[in-house]
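Engineer: What follows is a single structure, and I will ask about it in a moment.
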């Protein structure tokens, strides 16, 4: 039993770092004072505390403990801040990381990829272009037959609208 517990802990740690690797693209450098469409105080009035933590403070929710990582219903994932459709269930897949993962956004013009050098790592951050708010990160380890990208998103940045 101790070996099984240790194995589960080890897999959880490795998986947690799955959303923290770099794909090394040439991207815009993340501006620590990035331009947001509203001030943090204004977003605080609009977003829940979890949404604020994720989207404004660039937080990350725990793997396997978020509403959409295991959601298999058909529908769309809209920005919690704007209601814009950003991802669809047709492009969602089970990456095993504990976060909702997608092979592509609905409209690449609605997101922006910026280099994120926080936490001593180099990663490619996905932000909502119209707001400047954090959604998650993108990596080059997605399904090869579907473009090879893994958009590793935070459930708290979205609302799911069932079809």
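A short reminder: the numbers here are calculations on the coordinates, not readings from a lab. If you're wondering where the values come from, they're calculated on a predicted model, not measured in any experiment. For neighbour counting, all protein chains shown are included, and Cβ atoms are generated from backbone atoms with ideal geometry for every residue, glycine included.
Engineer: Spin-label point model (7 Å from Cα, Cβ direction): what's the residue 74 to residue 144 distance in nm?
Structural biologist: Between residue 74 and residue 144, the label points sit 3.1 nm apart.
Engineer: Label residue 41 and residue 82 with points 7 Å out from Cα along Cα→Cβ: what is the distance between them in nm?
Structural biologist: It is 2.4 nm.
Engineer: Shifting gears a bit: Residue separation times 0.36 nm, minus the C-alpha to C-alpha distance between residue 64 and residue 90: what's the value?
Structural biologist: Working it through step by step, the gained length comes to 7.3 nm.
Engineer: Based only on other Cβ atoms within 10 Å, what is the fewest-to-most ordering of 131, 48, 88?
Structural biologist: 48, 88, 131
Engineer: Taking the Kirkwood radius as the inverse of the mean 1/r across Cα pairs, report the Rg/Rh of the range 51-163.
Structural biologist: 0.92
Engineer: Let me ask something additional. Tell me, 99, 43 in order of fewest to most beta-carbon neighbours within 10 Å?
Structural biologist: Least crowded to most crowded, the residues run 43, 99.
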